[in-house]
Amino acid sequence: MAEQVATNITWHEGTVTREERTGCLKQTGGTVWFTGLSASGKSTIAVALEQVLIQRGHAAYRLDGDNIRMGLNKNLGFSAEDRAENIRRIGEVSKLFADSGMLCLSSFISPYTADRDAARAVHDEAGVPFIECYVEVDLAIAEERDPKGLYKKARAGEIKGFTGIDDPYEAPENAELVVNTGEQSLEACVGAVLAEMEARGMLG
Ligand code: ADP
């Protein structure tokens, strides 16, 4: 966990409550955190879900692994320490988006349980809804899909520390939702997430 470095700083409380802010948007806001192996379908589900949400008149925004690594986290690699810092920052950013009333769709492999739990804790502390969605798939299927050719490179030893090959993926044990993209269609996966968001009151 990152240490507080700056001293002589004080939290500056605003005068607009979260309820007042989200009331303007006619939605509660919250984060859906997609975790799973590379090529499990996290981004595909998030993109389709964002489309449905916007069509229904909801404000949604996607945060996606590679995109964030090209900007905010461009100074981070794939060591265990950098992966942890990557997820720590994204957890904080997701919380900020969700606290603003946005439906934040965060797609990150986020292979370590402790890092995901930290992202959840940041939301819990702020009273912001958080759904962990485990996008499950057999490694063999993900490897066969290999849309970016990364598994092939990892098997050839050209990428070191690749999740599922020579770096662990710690599967969630208490996720609010599990979808399996080897068994369910994209539509079914999106529908399941929408239902969970509705049940958690994020949309109303
Ligand atoms: P990730 O973001 O987890 O790395 P991607 O979404 O980039 O994964 O890639 C997943 C691949 O799996 C895509 O090519 C997508 O078309 C395919 N796919 C097959 N079935 C499904 C499904 N049910 N849900 C999501 N993606 C699926």
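Find the relative contact order for the chain and round it to a whole percent, using C-alpha pairs within less than 8 Å whose residues are 6+ positions apart. Don't jump to the answer; show the numbers that get you there.
Details: 298 pairs, mean separation 62.3, N = 204.
Normalised by residue count, the contact order of the chain is 31 percent.
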Could you tell me the center-to-center distance, by alpha carbons, between region 173-191 and region 124-155 in angstrom? 12 Å
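Region 152-198: Rg/Rh from Cα coordinates, Kirkwood Rh? Please report the intermediate quantities before stating the final value.
On the way: Rg = 15.2 Å, Rh = 13.1 Å.
Ratio of gyration radius to Kirkwood radius: 1.15.
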Ranking of 105, 139, 49 by count of other Cβ atoms within 10 Å, fewest first: 139, 49, 105
PRE zone check, label point 7 Å out along Cα-to-Cβ of residue 19, amide N under 16 Å, scope region 118-156, hits 127-129
When every alpha-carbon pair in region 1-120 is counted, what percent end up more than 20 Å apart? 49 percent
In whole angstrom, and with the biggest value first, how far do the Cα coordinates of region 56-130 range along each principal axis? 39, 25, 16
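As an exercise, identify the chymotrypsin sites (Phe, Trp or Tyr not before Pro) in region 142-175 lying in DSSP coil whose Cβ has no more than 10 other Cβ atoms within 10 Å.
For chymotrypsin sites (Phe, Trp or Tyr not before Pro) across region 142-175 that sit outside H, G, I, E and B with at most 10 neighbouring Cβ atoms in 10 Å, the list is empty.
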Label-point separation, residue 158 to residue 170 (7 Å along Cα→Cβ), nm: 3.1 nm
What are the residues whose amide H is under 5 Å from the amide H of residue 169, where those residues sit 5 or more places off or on another chain and H is modelled from the backbone? 164
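So which DSSP H runs in the chain come out at 15 Å plus along the axis (Cα) with average Kyte-Doolittle of at least -0.5? The partial results should precede the final answer.
Details: long enough: 42-55 (20 Å, 0.91); 80-99 (28 Å, -0.72); 113-126 (20 Å, -0.98); 186-199 (20 Å, 1.19).
Those that pass (Cα extent of 15 Å or more, hydropathy at least -0.5) are 42-55, 186-199.
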Where the Cα pairs of region 33-91 fall when distances are cut into 5 Å bins, in %: 4, 16, 23, 22, 18, 10, 5, 2
Convex hull around the C-alpha positions of the chain: the volume in Å³ per residue is 123 Å³
For a footprinting-style exposure proxy, rank 106, 43 by other Cβ within 10 Å, fewest first. 43, 106
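Read-outs throughout are calculated quantities, based only on the coordinates presented, and are distinct from any laboratory measurement. Not measured: the values here are computed from a predicted model. Cβ sites come from the backbone with ideal geometry, for glycine too, and all protein chains shown count toward neighbours.
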